[in-house]
Structures are given as structure tokens and as C-alpha cells.
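Enquirer: Here's a structure for you.
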Amino acid sequence: MTIPRARHALDGIPVYRPGRAASSDDHKLSSNENPYAPLPGVMERASAELARMNRYPDAGMTDLYAALSARFGLSADHFAAGTGSVAVLFALLTAHLEPGDEIVYAWRSFEAYPIAADLTGATTVRVPLRPDATHDLDAMAAAVTEHTKVVLVCTPNNPTGPVVTAEALTAFLAAVRDDVLVVVDEAYVEFVRDPRAASGLAALADHPNVVVLRTFSKAYGLAGLRVGYAIARPEVAVSIRKATPPFAVTDLSQAAAVASLESQDELDRRVEAIVQERVAMVAALRQQGWDVPETEANFVWLPLGDDALDFAAACDPVSVRPFAGEGVRVSVGAPAVNAELLALVAAWRAARS
């Protein structure tokens, strides 16, 4: 029996690997989830949509785009939403890349980038991070050719944590052609405290070729409902909408996202609590002797190299995210779990010294 063959582009593409399950949700520090419950009013607003599950969602995402428009002071045609910012990225690359084109991004960065890029048939150009785990934007600019159509800039960078500075992004945009789409992935932007950090929105205001990616999965705590969005000039936003499946974001998810935008004060309080836990984790790890890069996200990076898998196994019952041969990403969780993780890390280090 002959099985129909999938596209050749899939031959070298791995299946995306989610963070490893843990003994409890609180112990899962492998997926950069928010340890807090949904924001006030979110459960009630979302639950009201359950009685309408026999109806299709609002394909135009009218209320969501109106809420985003009010939040950012931009007309609704600047937004394109999907099932998480990763799905928006897939749609964006589908709309703008084809065989013969090139896409440039830093590596190591978000592991969905190669999957999304390779599916288009375009050629991927990876530029190594600097030794301090930051983007080398000078090298990325030098990697842009006449065939380059898209550049991805992840800030803060997942999984290593550092931000791209405003000065570096400004210089990069000045060096790159205007017909190259520069995607500034800001999935963790709410956790940023570095005053030198680049702003994707500021870059978009000055450069029509910039696209900003945002998500409700991280700071807003809606990872299970899958809502993300792009902010772009209307001509670019409409191309993303065209490549997005209709009815992608459920009415339940849209209602939860709108309600979340209405709880800014509580969001700020929770995000600040996570930031303070991050600062404490970094300080404790460095005190133990770890070389931890600067991080402005809700995770820390341990550059363990070949020890990554062994370390991750030793952290049980806490689940962390190893990248074989490179390092381990540890999400910031609830304070008690963070303390448990730090004790496990110290014991692992002591056993090997």
C-alpha cells in the first residue's frame, strides 16, 4: 500500500516539543506559563460565551480589535490576531515568504522559528548569538542579501532572556532595506524593566516595514486559550489576516482577552511580583556560581552545554526546559516552587564540584 507523501519541506522539520509535564502545574517551569490564575472578571466573561458554543466565533474579532485599538491608539486595521503569537507568525511568513526567498534570525532563539520558516520553502539564515546570549544585530544586518524578505528579532530573546537595545535596533533598521519585513517578537515585553530596551511600537511608528508580535499567553495568563496578535501597518496586517484560517480565535478566547485588557492595575501588580521573583532567582543563581545572562523575561537561562539533559533530569519533581548541548531554560514560578528549584540546582552543583 502506498502512502501519499507529504511535502519535501517537512523532511527536516521536527515536531514542536512542548515543555515536559510535571508532578503538578506549579512544578512545571518548562513552558514560561504565568503562575497566577486568570485576571479578575476573565472567568465570568469567558464562561458567558460557553452558552453560545453552537455559534461560530466572530471572524472579524470586532471587540478584540476595538479593545486593542483603544489600548494602543491605533485604528483596528493595524491588528491581526490568531491562536497565539506563534500562529500569527506562521500566517505572516506564509503571506510573505516563498521558495527562493531568505529569512534571517538569531540562534538560539524561539524553537518555532525554524518550523515556521522552513514550511514556507524559504532559505533560513541563522546568525549565532553573542557569547553573552544577546542578538548580534551587526552580523544579522550583514547576513541580509538581495533575497532576504524577513528578519526575526526576538526581544527579550527566548530562551536566553536578554533584550535588544533601542540603540541597536535603530541602527539595524537604518542598515536594512525598507522592503525587508522586520518582525519584532515581544512575547515577554510586559516583564521588561531595562530602560535601554527597544520598543517595537516605537520602531513601527518610524518604519513601515516593522511588525510587532504580542501575546496574551504570558503576562496575561491566557496560555490555554491561545490569543496573540500582530501590530503592523494596515497593508501588512491585512496580508496576515488573509493567511489566517477563518474563525481561528474562539469567542471565549476573544472575551477573555478583552476582559484581561480591562484589568491593567492587577496585571501590573502580578507582573511586578514575577519580575521581583526573577531578580531574586538570578541573584541566588549567581551567588551559587552560575553564569546567568541578563534576563528581562519571565525565565532564566543556564548555559549548561552538554550537561543540559542531565541537569534537567536531576531537577525532578520540577520540570525545566533543556536544549540538548546548549542550556536549560527555567521559568519563574510561584515563590515556593522557585525556592525548591534553587535548592535542587544547588545540590546538583555541589555534587559535581
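The values are calculated or read from the model by the stated rules, or taken from the named source; none is laboratory data. Worth saying up front: this structure is predicted, and the values here are computed from it rather than measured. We place every Cβ from the backbone using ideal geometry, glycine too, and count neighbours over all the protein chains shown. Surface areas here come from the heavy atoms of the whole protein model, side chains and all, with no ligands, DNA or RNA. Shrake-Rupley method; radii C 1.70, N 1.55, O 1.52, S 1.80 Å.
Enquirer: What are the ³J(HN,Hα) values, in whole Hz, obtained from phi via the Karplus relation 6.51 cos²θ - 1.76 cosθ + 1.60 with θ = phi - 60°, for each residue of segment 232-246 in sequence order, with x given for Gly and Pro?
Expert: 7, 4, x, 5, 7, 4, 5, 5, 5, 4, 4, 8, 9, x, x
Enquirer: Going by average Cβ density within 10 Å per residue, which order do the peptides 2-8, 51-57 take, highest to lowest? Could you put the intermediate results ahead of the total?
Expert: Details: 2-8: 6.7, 51-57: 10.6.
Top of the packing list down: 51-57, 2-8.
Enquirer: What distance in nm separates the simple spin-label points at A350 and A175, each placed 7 Å from Cα in the Cβ direction?
Expert: 4.7 nm
Enquirer: Within the chain, what percent of beta bridges assigned by DSSP are antiparallel, to the nearest 5? Before the final figure, lay out each step's value.
Expert: Details: 16 of 36 bridges.
Percentage antiparallel, nearest 5: 45.
Enquirer: Relative contact order, percent, of the chain when contacts are C-alpha pairs under 8 Å separated by at least 6 residues? Before the final figure, lay out the partial values.
Expert: Details: 666 pairs, mean separation 87.4, N = 353.
The value is 25 percent.
Enquirer: Report in % the part of the accessible area of segment 51-115 that belongs to carbon and sulfur, leaving out ligands and nucleic acids; probe 1.4 Å.
Expert: Numbers: 1480 of 2760 Å².
Here it works out to 54 percent.
Enquirer: Still on this structure, please answer the following. What distance in nm separates the two pseudo spin-label positions at R196 and D77, each 7 Å out from Cα along the beta-carbon direction?
Expert: 4.0 nm
Enquirer: Leaving ligands, DNA and RNA out of it, report the carbon-plus-sulfur percent of the accessible area of segment 242-353 at a 1.4 Å probe.
Expert: Values: 2580 of 4690 Å².
It is 55 percent, rounded to a whole number.
Enquirer: Okay, moving on. As a check on your grasp of the helix formula, calculate [θ] at 222 nm for the chain: sum -39500 (n - 2.57) over DSSP H runs of n ≥ 4, divide by the residue count, round to the nearest 500. Walk me through the numbers on the way to the answer.
Expert: On the way: 12 runs with 130 residues, N = 353.
My calculation for the chain gives -11000 deg cm²/dmol from helical runs alone.
Enquirer: Leaving out ligands, DNA and RNA but keeping every protein chain, what accessible area does K218 have, in Å² rounded to the nearest 10, with a 1.4 Å probe?
Expert: Spelled out: K218, probe radius 1.4 Å, area about 40 Å².
Enquirer: Now a separate question. Just the number please: accessible area per residue for the chain, 1.4 Å probe, all protein chains included, in Å².
Expert: Values: 15710 Å² over 353 residues.
Counting only protein heavy atoms, the per-residue value for the chain is 45 Å².
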